[in-house]
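**Q** Sending over a structure as structure tokens; questions will come in a sec.
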Amino acid sequence: MSGVTILAIESSCDETSAAVIEDGSLLSNIVFSQIDIHTKYGGVVPEIASRSHLEKVTAVTDEALDKAGKTLEDLSAVAVTCGPGLVGALLVGVSYAKALSYSLGCRLIGVNHMRGHIGAAFLAGAQPPCLTLVVSGGHTMIVRVDSYSDFTLLGSTRDDAAGEVFDKVARVVGLGYPGGPKLDKAADGGNEDYLVLPRAMLNEDNYDFSFSGIKSAVLNHINAAKMKNEPIDVPGVCASFRKCVCDILVGKTIRAAKNEGLNRIAVCGGVACNSLLRKMLIEACDQNGYDLTIPDASLCSDNAGMIAVSAYHQYLAGDFASLDLNASPSLSL
């Protein structure tokens, strides 16, 4: 099918983004990040995020269309992230997309945010069948991808997401927000053996994760040091913690690929920007003869480009939404 032009909107958390895709080729991908807005609060404030989306969504959409050389009248469909995410933030995008779809008389497509992250891997060249590690601030999961629309969840976190514990540990050691990138940088100068941390569930016969115990072990160490008025080796804490989490993520992913008989692996989501995770996955895939796809950092964080590619494949499959589409903050894969 040719001549399919889709405008995609992403507003699930703290990035307001719009992208245009035509016949599978991404023409534009505009992102307005709210990091500067939320930094002084030490994390994302949902109400402030929603208000920022309201203020920016039209300008971001106009910029995406302009960069793509398209107008609203050129659109075959409007796509939008409908979940999971912050309910207020999602509602801004969903309401805006529904209004555009209705006024233009074009198709509406509701996109699962987690499937969107996998779409970023498709943009980077990943091809099904493959095994995908989706690792972000809100989710950590291993997904078998048999086609552009056939996904099977093999395992997920039973408590905190990997990105969530990165942010929490970074906050406790005083690195601030956004924690993940700052912890990654601090860890580069630390001793990975400074702390002995539990590799929770690494050797269990499943593909699930648990990171709350690791987080608690780090917090207990820091609190004990403070009570004794002892100095805290921040780089050492960060390096030990980062290595522990990456050991688990890589170990489970490689085991799943072997057991599922898949020789292609993709990793996506914000934590895919972590330098050690990338290094360890590259080494593990080289050792096992697997093809590895890691999207560019700009496609790992939340963006409408990944929503657009997912929407394109939904369009081809005839997977459209009606105007009663609603935000679904706990939407499953």
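What follows draws every value from the coordinates through simple rules; no lab data is involved. Since the structure is predicted, the reported quantities are computational estimates derived from the model, not experimental observations. Methodologically, a virtual Cβ is constructed for each residue, glycine included, from the backbone with ideal geometry; neighbour enumeration extends over all protein chains shown.
**Q** Which of the residues belonging to the range 176-187 are in a helix (DSSP H, G or I) and either in contact (Cβ under 8 Å) with a residue 60 or more places away in the chain or more than 22 Å from residue 85 (Cα to Cα) (or both)?
**A** 180, 181, 182, 183, 184, 185, 186, 187, listed by residue number.
**Q** Looking at residue 33, is it out of contact with any His (no Cβ under 9 Å at 6 or more places or on another chain), of a type in the set (S, T, N, Q) and more than 15 Å from residue 92 (Cβ to Cβ)?
**A** yes
**Q** Working carefully through the options 65, 90, find the one that is touching a residue at least 12 places away in the same chain (Cβ under 8 Å), in a helix (DSSP H, G or I) and in contact with a Pro (Cβ under 7 Å, 6 or more places away or on another chain).
**A** Details: 65 fails: in contact with a Pro (Cβ under 7 Å, 6 or more places away or on another chain).
Answer to the selection: 90.
**Q** Is there any pair linking a residue in the range 146-159 that is farther than 12 Å from residue 119 by Cα to one that is among the β-branched types (Val, Ile, Thr) and part of a strand (DSSP E or B), with Cβ under 6 Å and at least six apart or on different chains, and which?
**A** 153/143; 154/142; 155/142; 157/140
**Q** Still on this structure: Here's a check for you: in the range 146-175, which residue that is part of a helix (DSSP H, G or I) and β-branched (Val, Ile, Thr) is surrounded by the fewest Cβ atoms within 10 Å (Cβ to Cβ)?
**A** Looking at the filtered set, the residue picked out is 172.
To keep it simple, each residue is scored yes or no on (1) free of Cβ contacts under 8 Å to residues at least 24 places away in the same chain; (2) touching a Leu at 6+ places or on another chain (Cβ under 8 Å); (3) within 19 Å of residue 125 (Cα to Cα).
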position	(1), (2), (3)
246	no, yes, no
256	no, yes, no
259	yes, no, no
266	no, yes, yes
270	no, no, yes
274	no, no, no
288	no, no, no
291	no, no, yes
294	no, yes, yes
